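Below: the structure, in structure tokens.
No lab work stands behind these numbers, since they all come straight from the coordinates. None of these values were measured; they are calculated from a predicted model. Cβ placement follows ideal geometry from the backbone for every residue including glycine, while neighbour counts extend to all protein chains displayed.
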Amino acid sequence: MNIAVVPAKNEQGRIGRVFTMLGETRIDRIIVVVNGSKDNTMKEIKLLKMPNVEILYFRSELGVDIPRAIGAYRAFKEGACCVVFVDGDMIGNMMDHINDLISAVKDGGIDLAMANCYPEIVYGNELAQQLLIFRKLLNVNLGIYHRIGVATPSHGPHAVSHRFLKEADFRDFAVPPVTLAFAVKKDFRVDVATNLPQNKMGSKVRGFYHAVKITETIIGDTLEALHYFNDKPRTRIYLHREFQGYNPDRRFDLLEKFLKKY
């Protein structure tokens, strides 16, 4: 069974388009993790009346990537052979890309299949330049830069195998680069399955403040992954600067409760 995990917070007007797109792919089931939504996201999902959709609803805001971890665990418990992660705001035409990810896992034996969102690296601004430097730094240290470039599970849809889920710590799905470091460290098969430029994903435009915060979040996550890979205590500090971003808002406490409950 191929399961899509879709985090959704305030995605009214978008979530239906994401589900419709997924309905045209090899996805068999959708697990949507709705958290802290203040709009009609839930109503829109229910109006679709899709029998293959399971809703995990949280009144509280879970923070970035925590819904991904919750959805991954639920999908594993439901026996998924392949889990694809797609954000609830990605309204781009991605059917072929989703199928590429599934094919890489189901037919190609890949355990962590990613989309390369920078098939051509263009340093458009200082934030992008800074972020891509750290993404490259991680992948070079993992020994996979020559194969996957700056691809990361932090950015764009990606997929994992049942074998990967069996061995992973689901808490690490909430810090995506750590799952990449884990995959390499444990000799899982990692590769890019599709090229999907970021401007083709149709993600919501959120403004400069969000861009700064998410950049700091991913850089901090990358630093954690580097230290994990090298068997050192995790830290988000580089050259005396701490990169937190949205990390303090991640509700690991609610993730722990979910993992214990199910």
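Here are the numbers:
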item	result
Surrounding net charge for ASP87, when Lys and Arg each add one and Asp and Glu each subtract one, Cβ distance under 15 Å	+4
FRET efficiency for GLN130 and ARG171, using Cβ-Cβ distance with R0 set to 30 Å, rounded to 0.05	0.65
Cα-based convex hull, segment 1-97, per residue volume (Å³, whole number)	85
Least to most buried among TYR57, TYR145 (fewest other Cβ within 10 Å first)	TYR57, TYR145
Extension gain from ASN195 to ILE237, taking 0.36 nm per residue of separation minus the Cα-Cα distance	12.0 nm
